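Trainee: First, the structure itself, so that you have it in front of you.
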Amino acid sequence: MRIQAPAKLNLCLYLGPTRDDGLHELCSLFEPLALADTIEVSESNSDEVLCAGVEGENLAARALVALREAGWQSPPLRLEIEKRIPVAAGLGGGSADAAAVLRLARHSGRAGDEAPDLERIAAGLGADVPSQLSPALALVQGAGERVARLPAPASHASLLLPGGGGLSTAAVFAEADRLGLGRGEAELGGLASRLRRAAADGASPLEYRDLLANDLEPAALSLRPDIGGALDALRHAGAPLAFMSGSGPTAVGLFPTLAEAKSAAERLDRDDAIVCEAGQAP
């Protein structure tokens, strides 16, 4: 069996105060992308997760362990991940893989088995994982655990410049704290209401571009000044809107059509450019 793990795009990211658990309150609008990792699933003698070229902790492996600890009784599995989503690029690749693994438990349990609480497991794995259980345009609040799915938006396309990835989410949040970035709870709540209204009728994000900003951008620019050059390049290439996704370093240009995004990519002529449309829930 082959399953897809779509990348996510933060159309906006507003940073709130630090919570008692050390995490930040957030308000963000997520959309899945057609850009996706592929996971080959097969039975094995013991659980194993393979991901060529990716070092360090594998969130998909943690997801499989968490399913077992929750009592999931499928046969042992071999999961081989083919990475297409750039690593540590603010596109949620590790979270996408973990959520795809959790989705395996939705329909593969034995009759009479109690289904694992996937939302609880996802929240324990990371802020981006809960929204990826059913990838769709969604308003995400709290530290990522509050997910309100919204109607699919009108067609549009993205031109991504990942810049080689490699930017630590923890480092960006630490820099944001050092710079004193963030908003109060009341302002965060007001922004959430405005985003919900703007996206409620399936409008293209370009129709409410004044709401699409990323509060982490100054912190990421402090650590990786090259992000600024990528954003300027997208604007000069004709992007109606350019912003950073997540904790970066991916710069994003939003376009009304796929053809316009492809034309801009040709003008830029950069090796890291990726053109894609919004994705569909697996």
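Each reported figure results from applying straightforward, stated rules to the coordinates on display, with no laboratory input. Note that the structure is a prediction, hence the values are computed from the model and not measured. Backbone-built Cβ (ideal geometry, glycine too); neighbour counts: all protein chains shown.
Trainee: Compute the acute angle (0 to 90°) between the alpha-carbon long axis of helix 93-103 and the principal axis of greatest extent of the alpha-carbon atoms of the chain; round to the nearest 10°.
Mentor: That works out to roughly 40 degrees.
Trainee: Among I85, I227, I3, which comes first, second and so on when ranked by fewest other beta-carbon atoms within 10 Å?
Mentor: Least crowded to most crowded, the residues run I3, I227, I85.
Trainee: Using a Gaussian network model of the chain whose springs link C-alpha atoms within less than 10 Å, name the residue from S134, S245, S28 with the highest mean-square fluctuation.
Mentor: S134
Trainee: Here is a further query. Going by alpha carbons, how many degrees (0 to 90, nearest 10) lie between the helix axis of 226-236 and the longest principal axis of the chain?
Mentor: The answer is roughly 60 degrees.
Trainee: About the Cα centre, and with charges only on the beta carbon of Lys, Arg (+1) and Asp, Glu (-1), how big is the dipole of the stretch 2-277? Nearest 20 debye, please.
Mentor: 500
Trainee: Then there is this: If I stretch the segment between R197 and R84 completely, what's the gain in nm (0.36 nm per residue apart, minus their alpha carbon distance), one decimal?
Mentor: On the way: separation 113, 0.36 × 113 = 40.68 nm, distance 3.32 nm.
Stretched out fully, the R197 to R84 stretch lengthens by 37.4 nm.
Trainee: When a footprinting reagent is the concern and you count Cβ atoms within 10 Å, what order do L181, L139, L161 take, fewest first?
Mentor: Least crowded to most crowded, the residues run L181, L139, L161.
Trainee: Using a basic spin-label model with each label point 7 Å from the Cα along Cα→Cβ, how many nm lie between E40 and A152?
Mentor: In this crude spin-label approximation the distance works out to 3.0 nm.
Trainee: Place a +1 charge on the Cβ of each Lys and Arg in the stretch 153-282 and a -1 charge on the Cβ of each Asp and Glu, then give the dipole magnitude about the Cα centre in debye, rounded to the nearest 20.
Mentor: Details: 11 positive and 17 negative charges, 35 e Å.
For the stretch 153-282, the charge dipole is close to 160 debye.
Trainee: Determine the percent antiparallel among the DSSP beta bridges restricted to the chain, to the nearest 5.
Mentor: Of those bridges, close to 90 percent are antiparallel.
Trainee: Which FRET efficiency value, to the nearest 0.05, do you get for L206 and E185 by plugging their Cβ-Cβ distance into 1/(1 + (r/R0)^6) with R0 = 45 Å? Each step should come with its number before you reach the end.
Mentor: Values: r = 29 Å, r/R0 = 0.64.
For L206 and E185, the calculated efficiency is 0.95.
Trainee: How are the Cα pair distances of the stretch 189-278 distributed, in percent, across 5 Å bins from 0?
Mentor: Histogram of Cα-Cα distances, whole percents per bin: 2, 13, 22, 22, 19, 13, 6, 2, 0.
Trainee: With the chain treated as a Gaussian network of Cα nodes joined by springs under 10 Å, which of S204, S46, S193 yields the largest mean-square fluctuation?
Mentor: Highest fluctuation of the listed residues: S46.
Trainee: Please compute the length gained on full extension between A115 and R19, using 0.36 nm multiplied by the number of residues separating them and subtracting their Cα-Cα distance. Don't skip to the answer; put the middle values down first.
Mentor: On the way: separation 96, 0.36 × 96 = 34.56 nm, distance 3.05 nm.
Separation in residues times 0.36 nm, less the Cα-Cα distance, equals 31.5 nm.
Trainee: Normalized C-alpha radius of gyration of the stretch 1-100, against 2.2 N^0.38 Å?
Mentor: Ratio of Cα Rg to 2.2 N^0.38 Å: 1.21.
Trainee: Which three extents, in whole angstrom, do the alpha-carbon atoms of the stretch 2-277 cover along their principal axes, largest first?
Mentor: In descending order, the Cα extents are 55, 43, 38 Å.
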